[in-house]
Each structure stands twice: as C-alpha cells, then as structure tokens.
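Asker: My structure is below; once you've seen it, I'll send some questions.
The values are calculated or read from the model by the stated rules, or taken from the named source; none is laboratory data. Just so you know, these numbers come straight off a predicted model, no measurement behind them. Positions of Cβ are generated from backbone atoms using ideal geometry, with glycine treated the same way; all protein chains shown enter the neighbour counts. For the accessible areas, the whole protein counts, side chains as well, though only heavy atoms, and no ligand, DNA or RNA atoms are used. Shrake-Rupley method; radii C 1.70, N 1.55, O 1.52, S 1.80 Å.
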Amino acid sequence: MYYFVSMPLVAAKTRLGPYEVLAMRGSGGMGEVYEARDTRLDRIVAIKVCKGRFTERFEREARAVSSLNHPHICALYDIGRENSIEFLVMEYLEGETLEARLRKGPLPIEEALRIATQIASALDAAHRKGVTHRDLKPGNVMLTRGGAKLLDFGLSKIAEPLGTDILGLTVSQPITTEGTILGTLQYMSPEQLEGKETDARSDIFSFGAMLYEMITGRKSFECSSQASLIAAVMSVNPPPVSTIQPTASPALDRIVQRCLAKSPDDRWQSAGDLQSELEWISEAGSKAGIPAPVAVRRRSRERLAWIVAALAGAVLLASLTAAYMRKKPAEAVEVRFQIPVPDKLNFYWYDLPAVSPDGERIAFTASATTVDAERLFVRSLNATTTTEIPTPGSNVIGPFWSPDGRQIAFFSRGNLQKVDLSGGSPVTICTFDTQSGRFGGTWNRDGVILVAHTFILYRVDAANGEPKPLRPFAEGETGQLWPSFLPDGNHYLYLSRSDRPDRQGIYAASLDSSERKFIVATSAQAVYVEPGQLLFMRGDV
C-alpha cells in the first residue's frame, strides 16, 4: 500500500526519457509511483521511481517481473535511468486494491473464488519460473475490470538466475540472510517469522490468510501486539471460515485450512493444484467437498468400522441397501456401447481402461504391437470419435484419473507421470527403481496418489514427491495391488495376495491407520460404486 507524500521525487510534466510524468499516484518506503504517458506509443503507463540509487530490492523486482508473462501479473515494460533518477515502467492499472475492497466487508463466495483462482494462477506461473513472492497480501493485489493483478515483487526470492543483467547490475547476495524477517506479519508463514528458508509453500500460506479474509471479512490472525500476533501465527488455528460465513462449503473450509497448515509439508504443494481445487469448488458450488475436516472426528478405528460395515452390507444385501438408500429406486437401465480400436492399433489384456470420475469418459491405451510404445486415448461415452492425448517420449501403462477429471496419471518406464488433458507435455511425478510390477493407481482430492508397484502400495504427493511405502505387509501377505480410494478420500480398498487362501481378497484401510478390515474373498480387483456397492469377481479370472 502506498501513502501520499507532500514532496514528490519527480515533478509533474518532467520527462524521464520518452515518458512524460503526469501525476504522482502513491508512495512507499522504497519508491514512488507516477502516472505517465509513453510519448512513443501514446499510452498511459505507471512509473516506479527508486528513492536514491537502485536498491537491491528494486532491481530484484525488475528481474522477477521481467521473467513473468501472465494475464494476472502486472507487466514490466521498461527500465531506465535519467540523470540521477532510476525507474521501472510498468502496466498502468485502473481499479482498487483488494485491501481497499475488503474495508467494505467480505466478498461474495463466487467473487472470492474467482479472484482467488486468478491469484493462484499467477502464483503458479511465478513459482514455475523459480520466483517466490514472499509479500502476498491484499495490498499487493489490484482488482481491475480484466481481473485480479498481482503486484510488488520487491521481496521476491529467485531460485536461479533469470536472464541477463539489467542495466549492467548484478545481484551477488540473497536479499535476506538466515534469521531475517521480511514481509507483512498478518500474512507471513511460520517459517518466515522464524527467519528460516522459504519456498513456494510460504506463498501458499499467505494466500490462505488472504482467502480467509476475502470470505469472512476478518483477518485470520488478529492480535493487539506484534508479539501476540507472531505467537498466534506460529501456534493457533483460526476458526473455520464456515463458522463465520455459513454459505462457505466444506471443501472451501478444507482448502483454507490446508493453506494455513503450520508445516509447509502439510500445505498444498503447488499453486497449480490449489488453482485446480478452487476451480472445482467454483463448479460444484455449495455442495463441494466432504464434511469439513474441523468437525469432531471419530477415532480411526470407529471410522474404519463404519465404512467396512457399509461395504459388507452393500455386498451381501444389495437389495436392502437400495431400499434404504432410496425410497423410490430408479428403474435400472441397460446401457451397451462399443469402443473400436484406433486404426491399425490393438488393445492388450494387461492394461485395463479407466473410467473418469464423472462417469462420462474412458481412458485407455493401445499400440501396434506389444513391443511398441503404448499411446493414450480418451473417449466420451456419447461420442463417436476417440481423441489421442499426446504423450511424446512416454510409454503409457496403467492410466488413472485425477479427481477433477482434468489430468491422467500413468506409468512410463519406471516413472509415474501425469498429463493435462488441455495440453502440454507429461510431467514426471516420481521415479521408481524398477520398471516392472505396476498394478494400479488412485488419486484423491487432497493430492494424494496411491500406486501399487512391485506388489507394494506406495503413497505419493501428486505435486511431485518421492514414493513412500504406505503400509507393512501383514502376516502371510505377498502382494498389495489395485488400490482404490473410497468417496471420503481417506479410506481405500486394495487387493491383498497371501500365501494363505483364506486371507486373500479385498481389504479396506485408511491413510491414517495401519489397521485393515477384510471385505470379501477374491483374486481380482474390486470397484466401489454408488450407492454403497462393491463390484468384484469371484471364480476364474
């Protein structure tokens, strides 16, 4: 936020190179901002004038912004020096800051989600370029007719050099050292307050604090002194947004709380995943998500017992389940369809198709021969054509969908990869030591992926993380295969192979417990379907 001063550094009508200064628009500790006219292109621009010689922070902002090209980041046009005055030339924005808007009260949920999605998109673009903002707050977001614009990268952290020197200047030291606190206390992450190393996840904490304020009209952390404020950020969880704004969905509760997790490892690991979740909430409306995670929870064993009871009842008494679930059961409709093999290609028995979360599309692989690279295809059930999803350099095996249906994950030559259906090359999530033994994967809305590799279940963070074994083998167990999340995203099913036939079959377990419950005997994978039924195979496979 800028404060007006009585003695501007540059007078009106002054020329800074080809720019004619029209009026001062604001001032801060680092410099002043002017409205100016570019006489060459006859357009209005914003000029930020540095107080004194170029400071390291001022040059850092120039370097950071010049590397970014995004519709929701304020663009840098030019950088110059006129006599003793050094300045940045930036996109001129008309509107009000988010800070000014919030003084009028909370935003409608729909508007808050729209702005938050745009900011998350801008952060994702910056983070992909190695730029961490480190001063994300409502005062650094401008609301314009074209949408939100992220401003002020003066405190940004740049992971690696982003190009050639600007004005021949070189940054040889980081802007901060260990133990230094920079930023605005209300929105700073715990690691920033401790002066520790920061990364993109620090921005995600600040984003959560800002989103909390947009929804509720209150700051997530408010105290009477700086000391108590720091203590609150370090140790206190703010009330769920739904307790202040009743129209907020449970999913919105969850997304804010995960942003504000004290440990960076417990937050969203990328702004891109955060953006996808916000888009999903916008589309789903008030019904988005599962019951808010802040609600009183039963112990893991009790929750597991409930889910197991529901599954067992569905399998053994399907007709009774339907009667209880629906007062007027819908008449069953038989649907038959065929998916022809793409021209000159073949399906192979070892790679099963995957149905999208909305039940409207199928992903499958095909190749010319068993030794050729498997290619990825998607087909809508009501379409007459099949679309190939480009995966250059990949051999697609075992595809499975992201929970929002926008991405598909798959195995390829020892790598777990994902590809966005809207375009782009596959991205490697993690790498395994061997290429063989892939038996299914599943992906929940918290960004957790479970995969079966070499007969072991692994847990992987969808935003690029190392695979970690999920659970130890039970007595006599020889393999863990075909994991599948249940609707709550915490419990899952899997096929357990055992050297004891009476223990082989489908089991239910949860992410937060090592316990498991036997469901049904089978030697093949099982699939959960609404409302509360389990499809499985018994007999020869």
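Asker: Please find, among 73, 115, 109, 119, the residue that is touching a residue at least 60 places away in the same chain (Cβ under 8 Å), closer than 15 Å to residue 46 by Cα, aliphatic (A, V, I, L, M) and open to solvent by less than 60 Å² (accessible area, probe 1.4 Å). Let's see the steps before the verdict.
Answerer: Values: 115 fails: closer than 15 Å to residue 46 by Cα; 109 fails: closer than 15 Å to residue 46 by Cα; 119 fails: closer than 15 Å to residue 46 by Cα.
Result: 73 is the single residue among 73, 115, 109, 119 that is touching a residue at least 60 places away in the same chain (Cβ under 8 Å), closer than 15 Å to residue 46 by Cα, aliphatic (A, V, I, L, M) and open to solvent by less than 60 Å² (accessible area, probe 1.4 Å).
Asker: Also, quick follow-up: Kindly provide the set of residues from region 379-388 that are within 12 Å of residue 366 (Cβ to Cβ) and not in a loop (DSSP other than H, G, I, E, B), ordered by number.
Answerer: Within region 379-388, 379, 388 qualify.
Asker: Considering region 484-510 alone, what residues qualify as being open to solvent by 10 Å² or more (accessible area, probe 1.4 Å), closer than 30 Å to residue 267 by Cβ and in contact with a strand residue (DSSP E or B) (Cβ under 6 Å, 6 or more places away or on another chain)?
Answerer: Residues satisfying the conditions are 484, 485, 490.
Asker: Which of the residues that make up region 204-229 are assigned to a helix (DSSP H, G or I), of a type outside the set (S, T, N, Q) and modelled with pLDDT under 90? Reasoning before the result, please.
Answerer: Narrowing region 204-229 to residues assigned to a helix (DSSP H, G or I): 204-216, 226-229.
Subsequent filtering for residues that are of a type outside the set (S, T, N, Q) retains 204-205, 207-215, 227, 229.
Correct list: 227, 229.
Asker: Same structure again: Tell me the residue from 307, 290, 255, 244 that is open to solvent by 30 Å² or more (accessible area, probe 1.4 Å), at pLDDT 85 or above and not charged (D, E, K, R), please.
Answerer: Answer to the selection: 244.
Asker: Mind listing whichever residues of region 122-160 are modelled with pLDDT of 85 or more, open to solvent by less than 30 Å² (accessible area, probe 1.4 Å) and part of a loop (DSSP other than H, G, I, E, B)?
Answerer: Listed by number, the list holds a single entry, 136.
Asker: Which members of region 379-407 meet the condition of being farther than 19 Å from residue 464 by Cβ, surrounded by fewer than 18 Cβ atoms within 10 Å (Cβ to Cβ) and among the charged types (D, E, K, R)?
Answerer: Within region 379-407, just 388 meets the criteria.
Asker: Let me ask something additional. Do we find a residue being farther than 30 Å from residue 280 by Cβ, at pLDDT below 85 and hydrophobic (A, V, I, L, M, F, W, C) anywhere in region 89-97?
Answerer: Scanning region 89-97 turns up at least one residue that is farther than 30 Å from residue 280 by Cβ, at pLDDT below 85 and hydrophobic (A, V, I, L, M, F, W, C).
Asker: Another one. For region 1-61, list the strands (runs of 3 or more DSSP E) that sit wholly inside it and hold at least 1 residues that are farther than 21 Å from residue 142 by Cβ and at pLDDT 60 or above; which are they?
Answerer: Filter on region 1-61 gives 19-27.
Asker: Based on what the data block shows, is residue 64 under 19 Å from residue 139 (Cβ atoms) and modelled with pLDDT of 90 or more?
Answerer: no
Asker: Further question on the same structure: Could you tell me whether any residue of region 365-373 is at pLDDT 75 or above, among the hydrophobic types (A, V, I, L, M, F, W, C), surrounded by 15 or more Cβ atoms within 10 Å (Cβ to Cβ) and over 30 Å from the mean Cα position of the chain (by Cα)?
Answerer: yes
Asker: Give the residue, chosen from 473, 455, 410, that is of a type in the set (Phe, Trp, Tyr) and crowded, with 23+ Cβ neighbours inside 10 Å.
Answerer: Sole residue among the options that is of a type in the set (Phe, Trp, Tyr) and crowded, with 23+ Cβ neighbours inside 10 Å: 410.
Table: residues versus (1) touching a strand residue (DSSP E or B) at 6+ places or on another chain (Cβ under 9 Å); (2) under 30 Å from residue 434 (Cβ atoms); (3) β-branched (Val, Ile, Thr).
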residue: 375; (1), (2), (3): yes, yes, no
residue: 382; (1), (2), (3): no, no, no
residue: 392; (1), (2), (3): no, yes, no
residue: 396; (1), (2), (3): yes, yes, yes
residue: 404; (1), (2), (3): no, no, no
residue: 407; (1), (2), (3): yes, yes, no
residue: 412; (1), (2), (3): yes, yes, no
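Asker: Moving to a separate point now. Collect the residues in region 231-253 that are in contact with a Pro (Cβ under 8 Å, 6 or more places away or on another chain), in contact (Cβ under 8 Å) with a residue 60 or more places away in the chain and assigned to a helix (DSSP H, G or I), keeping them in residue-number order.
Answerer: Across region 231-253, there are no qualifying residues.
Asker: So in region 87-106, with the set limited to residues that are part of a strand (DSSP E or B) and in contact (Cβ under 8 Å) with a residue 60 or more places away in the chain, which one is nearest to residue 38 (Cα to Cα)?
Answerer: Only one residue fits best here, namely 89.
Asker: Within region 258-267, can you find the residues that are touching a residue at least 40 places away in the same chain (Cβ under 8 Å), open to solvent by 10 Å² or more (accessible area, probe 1.4 Å) and within 13 Å of the chain's Cα centre (by Cα)?
Answerer: 258
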